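Data block below; observations after.
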Amino acid sequence: MSQFHLVAPSGYCINQDAARLGVQRLEASGHRVANQTIIPRRLQRFAGTEQQRVADINDLVTLEGKNQIILAVRGGYGASRLLETIDWDGLARRQQKDPLLLCGHSDFTVIQLGLLALHNVITFCGPMLAGNFGAPELNAFTQEHFWRALQNPRFNVEWQGNGPACETEGQLWGGNLAMLVSLIGTPWLPQIENGILVLEDINEHPFRVERMLLQLMHAGILSRQRAIVLGSFSGATPNDYDAGYTLETMIDYLRTRVDIPVISGLAFGHEQQTVTLPLGAQAILKHNEAGTVLTISGHPIISA
């Protein structure tokens, strides 16, 4: 049994039924779910006022107990407004005491990257309450990979990837592409050298994905990595104007512009089927005709 503690630093949870279902499922599995009163909180499109939403994060500094899984209710937009007022130092001190297992994706990425940039704090890019645990059908793959990441000091993620054969290792980082790009030039973007950069996004046309990737390239960020791993890009549907320009042809083009391997096809992102990745952990990436394996270690886990 684990203790889940909810946070809502971003958008209002428009699907209240899904959030309630997520809580019911977690409780039915024997887990405690704290801070449920934030689920219906709302101001305009946000999950409450700036003060309420940043308090969700800053109150974690004094949160007592071991094995606390901090779960974002949903993404959307709003975390970027909080970056100057988050108690980054306090959160880092709390991690040294009893590591919090912070999990979320999408808009939550900016908080995760800020913790990694300022204090090398590892967080988990994975499922959220409403969209995943509260889905009409709970995805067994997503659930298994979530607990695999949080319970094992060393674990593998395997898939049939596309790209050139390679074997490399480095610090695993990334998350939502749009949120990462929004942090260029700020103190909250990690300066990772020789890393493995994993990226995903939703509702971005292939040319917009390309433009953001080129921005990372032009900023010198891609050339400092050892590999790029691409997850799901939900809603990246081409139209008649594209005349054959698809997400796949865009990825082929990216491979002509960078000198590091680009491996695609990972179930990671806004789909119901998604892996959970500890951002900031150490990873070994192997890809060949037989498939792709990420071996990950060095992240906090649930202790006995």
Here the qualifying pairs (Cβ atoms under 8 Å; residues six or more apart or on different chains; first in the stretch 221-240 and modelled with pLDDT under 95; second open to solvent by less than 60 Å² (accessible area, probe 1.4 Å) and of a type in the set (D, E, K, R)) come out as Ser234/Asp201; Gly235/Glu204; Ala236/Asp201; Ala236/Glu204
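Taking strands (runs of 3 or more DSSP E) that fall entirely within the stretch 1-106, which contain at least 2 residues that are buried (at least 20 other Cβ atoms within 10 Å of the Cβ)?
Numbers: elements: 3-7, 32-34, 68-72, 101-104.
Passing ranges, in order: 3-7, 68-72, 101-104.
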Exercise. Considering every residue within the stretch 257-271, establish whether at least one is in contact (Cβ under 8 Å) with a residue 24 or more places away in the chain, in contact with a Leu (Cβ under 8 Å, 6 or more places away or on another chain) and in a helix (DSSP H, G or I).
Key: yes
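Looking at the stretch 191-211 only, could you name the residues that are of a type in the set (A, V, I, L, M), closer than 16 Å to Ser232 by Cα and touching a Gly at 6+ places or on another chain (Cβ under 8 Å)? Explain how you work it out, then say what you get.
If we filter the stretch 191-211 for residues that are of a type in the set (A, V, I, L, M), which is where we start, we get 192, 196-199, 202, 209.
Adding the requirement that they be closer than 16 Å to Ser232 by Cα leaves 197-199, 202, 209.
Scanning the stretch 191-211 gives Leu197, Val198, Leu199, Ile202.
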Counted residues in the stretch 187-219 being closer than 24 Å to Leu294 by Cβ, assigned to a helix (DSSP H, G or I) and open to solvent by less than 10 Å² (accessible area, probe 1.4 Å) come to 3
Of the candidates Ala236, Ala267, Ala304, Ala227, the one satisfying the condition of being farther than 27 Å from Glu137 by Cβ and either in contact with a helix residue (DSSP H, G or I) (Cβ under 8 Å, 6 or more places away or on another chain) or open to solvent by 50 Å² or more (accessible area, probe 1.4 Å) (or both) is Ala304
Apart from one, (1) out of contact with any helix residue (DSSP H, G or I) (no Cβ under 8 Å at 6 or more places or on another chain); (2) at pLDDT 95 or above all hold for Leu101; the odd one out is (1)
Only one of Ala178, Ala149 is crowded, with 17+ Cβ neighbours inside 10 Å, part of a helix (DSSP H, G or I), of a type in the set (Gly, Ala, Ser) and in contact (Cβ under 8 Å) with a residue 40 or more places away in the chain, namely Ala149
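On the given criteria, is Ile184 assigned to a loop (DSSP other than H, G, I, E, B) and open to solvent by less than 60 Å² (accessible area, probe 1.4 Å)? Outline the logic, then answer.
On the way: assigned to a loop (DSSP other than H, G, I, E, B): yes; open to solvent by less than 60 Å² (accessible area, probe 1.4 Å): yes.
Taking the combined requirement at face value, the residue satisfies it.
The values are calculated or read from the model by the stated rules, or taken from the named source; none is laboratory data. Nothing here was measured: the structure is a model prediction, and the numbers come from that model. In this analysis, Cβ positions are derived from the backbone assuming ideal geometry, glycine residues included, and neighbour counts consider all displayed protein chains. We work out accessible area using only protein heavy atoms, side chains counted, and drop any ligands, DNA or RNA first. Shrake-Rupley method; radii C 1.70, N 1.55, O 1.52, S 1.80 Å.
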